[in-house]
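Notes follow once the structure below has been shown.
The values are calculated or read from the model by the stated rules, or taken from the named source; none is laboratory data. Keep in mind the model is a prediction, meaning the values are calculated, not measured. Backbone-built Cβ (ideal geometry, glycine too); neighbour counts: all protein chains shown.
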Amino acid sequence: MFNGTGGETVSLASLFLFSLPTAAVVLGLREKNSVSKQISAIKYRINVNGTRGKSTVTRLLVGALLEAGIPTVGKVTGSKSCLLSFKPSQTQLIAEEKELARRPEGPNISEIKYAVKAAFQNKAQALVAECMAINPDYQKIYSLGYLKSNITIVTNVLEDHLEILGPSLQDMAESFMSAVPKNSTLVVCPGEFLNYFLKAASLKEVDVKVADPSSVPMEYCEKFPYPVFPENVALALETALALGANEEVALAGMLKAFPDSGAIRFQKIKGRAGEGVLINAFSANDPTTTMAIWNYLKEKRHVNQGTTILMNCRNDRVERGRAFLKGVLKNIPTKSLVLIGEGTRFIFSKQKSLPYEEVVDLGGIAAKKVAFFLQERCKEKDVFFGIGNYFGVEKLCKELEGG
């Protein structure tokens, strides 16, 4: 104990506890200043925002820039948080990828500081970061505060998280635009909100570059080992060209990009009566993208009326279930629909309005039992199309891999 100047008796313990918040503020300011110093040394700071395709565009752009000899670091959220980096050789920049460990509380926009540090230490000229914020205020903090982006890519404006970004798609477009800094560059595709972006950008003195998906041949997209849409390629290409990359070189680099762990993939199912396949499209968790994937696969004859739809339903995504009911399930009339996950009740209750011969409800059933059910009914060349949401189906996919 000691006497303060006012005559009050103050314990050392109390003084220590009082100083903790102050110390935290000081440390926070030091960290912020350090990140600001590091980010200012990076020439191109690219924020990849939008509804769908952010991880893919980020990966494609990193691949394109590295192939063009531009030292680039990227960060994706996707199914997991990953750092995309490089190591120099005598003739080229060799891409590397490593998963970033997350804190127990889950994803946090402050994760970007690890990518900033890596870019600074590797003397990268470009940092490409997928925007992991949903809340409009956090998007602005992420883009304007942490990343200080001078280039923004908006992949698309589709129905998802409207309870936060909405209620309308126009509100969502405005949220994305609010995170675009003044006097910067915006890259978008043609679409419903192009005129809005052009008008809003002019008020902020933002240079808009419009990517051209029609210039990307489907033959090129088919070279990837997983489905890639022309829009994603066009956005990455337009940005790479703006940074001085050669078109042919950039396209070659995209083909070398590491695929996202949540990318659409074909997984074998060893059934009791033959080998089938699960087309894992769970990560495309909005109706528009899901239908685009279905139409793409249908055109390539990977799916047909005999395909079984396997939909993962989350208990905390009832509105998404309603959107899928209207925008997907009523538009792909196949023989069977199998519902899994914790939130199947709503869609199962609407089965009479759906165009399926059978609707099977496996809601709340463990992954091992769901896998057994699928294996028991799987015949040679049967196809299961997985949709809805990726979270919660990891165990099922592993069970199916084990046979």
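Take the residues of region 83-128 that are of a type in the set (Gly, Ala, Ser) and surrounded by fewer than 13 Cβ atoms within 10 Å (Cβ to Cβ): which is farthest from the chain's Cα centre (by Cα)? The qualifying residue farthest from the chain's Cα centre (by Cα) is SER89. The set of residues from region 197-244 being aromatic (Phe, Trp, Tyr) and assigned to a loop (DSSP other than H, G, I, E, B) comprises PHE224, TYR226, PHE229. Just wondering, is there one or more residues in region 151-172 that are without any contact (Cβ under 8 Å) to a residue 60 or more places away in the chain, touching a Lys or Arg at 6+ places or on another chain (Cβ under 7 Å) and either surrounded by 22 or more Cβ atoms within 10 Å (Cβ to Cβ) or in the same structural domain as LEU83 (by TED's automatic domain parsing) (or both)? No, the conditions are met nowhere in region 151-172. Just checking, does region 129-138 include any residue being assigned to a loop (DSSP other than H, G, I, E, B) and either among the small types (Gly, Ala, Ser) or over 17 Å from the mean Cα position of the chain (by Cα) (or both)? Yes, the conditions are met somewhere in region 129-138.
The residue of region 73-103 that is nearest to ASN49 (Cα to Cα), among those that are of a type outside the set (S, T, N, Q) and not in a strand (DSSP E or B), is GLY78. In summary, helices (runs of 4 or more DSSP H) completely within region 310-403 and bearing 1 or more residues that are surrounded by fewer than 21 Cβ atoms within 10 Å (Cβ to Cβ) and hydroxyl-bearing (Ser, Thr, Tyr) occur at 345-349. Within region 261-270, does at least one residue satisfy the condition of being over 25 Å from the mean Cα position of the chain (by Cα), assigned to a strand (DSSP E or B) and not hydrophobic (A, V, I, L, M, F, W, C)? Yes: one or more hits.
Just one of the listed residues (ARG265, ARG345, ARG322, ARG314) is in contact with a Pro (Cβ under 9 Å, 6 or more places away or on another chain) and either hydrophobic (A, V, I, L, M, F, W, C) or at negative phi (or both), namely ARG265. Taking the listed residues LEU241, LEU251, the one that is in contact with a strand residue (DSSP E or B) (Cβ under 9 Å, 6 or more places away or on another chain) and assigned by TED's automatic domain parsing to the domain that holds THR56 is LEU241, with no other qualifying.
Look at (1) loosely packed, with under 14 Cβ neighbours inside 10 Å; (2) under 22 Å from VAL393 (Cβ atoms) and you find that MET291 fails only one, number (1). Evaluate the following for LEU144: is it closer than 25 Å to GLU248 by Cα and part of a helix (DSSP H, G or I)? It is false that LEU144 is closer than 25 Å to GLU248 by Cα and part of a helix (DSSP H, G or I).
Under the condition of being among the charged types (D, E, K, R) and within 30 Å of the chain's Cα centre (by Cα), the residues counted in region 351-383 number 4.
When each of LYS54, LYS80 is tested for being in the same structural domain as VAL249 (by TED's automatic domain parsing), under 19 Å from PRO259 (Cα atoms), surrounded by 16 or more Cβ atoms within 10 Å (Cβ to Cβ) and in contact (Cβ under 8 Å) with a residue 40 or more places away in the chain, the lone residue that passes is LYS54.
Let's see how each residue does on (1) touching a His at 6+ places or on another chain (Cβ under 6 Å); (2) farther than 30 Å from GLU163 by Cβ; (3) in contact (Cβ under 8 Å) with a residue 60 or more places away in the chain:
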{"residue": "LYS37", "(1), (2), (3)": "no, yes, no"}
{"residue": "GLY50", "(1), (2), (3)": "no, no, yes"}
{"residue": "THR58", "(1), (2), (3)": "no, no, yes"}
{"residue": "GLU67", "(1), (2), (3)": "no, yes, yes"}
{"residue": "GLY74", "(1), (2), (3)": "no, no, no"}
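Within region 294-309, restricting attention to residues that are of a type outside the set (A, V, I, L, M) and assigned to a loop (DSSP other than H, G, I, E, B), which residue is surrounded by the most Cβ atoms within 10 Å (Cβ to Cβ)? Among them, the one singled out is THR307.
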